[in-house]
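Below you'll find the structure, written out as structure tokens, and then a few comments.
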Amino acid sequence: MSKEAFVYLWYDAPNDMYYLGKHKGLPDDTYTHSSSIWEHFTKDNIPEGVTREILDEGTDEEMCVLEHELLVEAKNGGDWDRYYNQSLGDPRYIDQSGENHPMWKGGISIGDNYKSYKKAYKQTPEYKEYEKAYMKEYRKTPEYKAYTKEYMKAYRQTPEYKEYQKAYHKERYARKKAETQGEGTLDSFMK
């Protein structure tokens, strides 16, 4: 039996929370976890009161299946609110239909309507306020300024931009010419 992966369970005693996961690698490598909501830490700075248990080792596929089964058991057992996990495991080897799908919400899958859901969410006042505050600060960063400079430099070389500029300048020239000429020469005679 190949031992290329393992399933682990972290216990965060100060918060009485768990994180169950699978990792392709060895238990003694530097990997800790991939939670997006639990604080990040390394093997060298594990928080006080946090411990890890290796539940099983095997092939990557076996461990993906085991991770999923254990997470489903935790979710159906009523302890899900004590887990940092947000999904039911690695989707490569498990059925992603129905309630196994990460976009499954209370009997419906919003995955099919994700674009409309995302569009509706972006119209909420909370999102607009967040976006406004975030972008205001982000636009001040050197990373954003460098990205904008490089993006615009590349964009100005595209045929679409050159065509736009040509049309814009043509329209602008016509507008300026009309403004300098004033009323048409026949307009005063036609009144």
1 or more residues at pLDDT 80 or above: qualifying helices (runs of 4 or more DSSP H) within region 123-191: 125-138, 142-155, 159-181
Meets criteria (touching a residue at least 60 places away in the same chain (Cβ under 8 Å) and surrounded by fewer than 16 Cβ atoms within 10 Å (Cβ to Cβ)) for ASP16: yes
Residue under evaluation VAL7, criteria (1) among the β-branched types (Val, Ile, Thr); (2) over 26 Å from ASP81 (Cα atoms); (3) not in a loop (DSSP other than H, G, I, E, B), criterion not met: (2)
Residue match in region 44-53 (condition: in a helix (DSSP H, G or I) and either modelled with pLDDT of 80 or more or surrounded by 14 or more Cβ atoms within 10 Å (Cβ to Cβ) (or both)): yes
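The values are calculated or read from the model by the stated rules, or taken from the named source; none is laboratory data. Predicted model only: the values in this text are computed from it and were never measured. For neighbour counting, all protein chains shown are included, and Cβ atoms are generated from backbone atoms with ideal geometry for every residue, glycine included.
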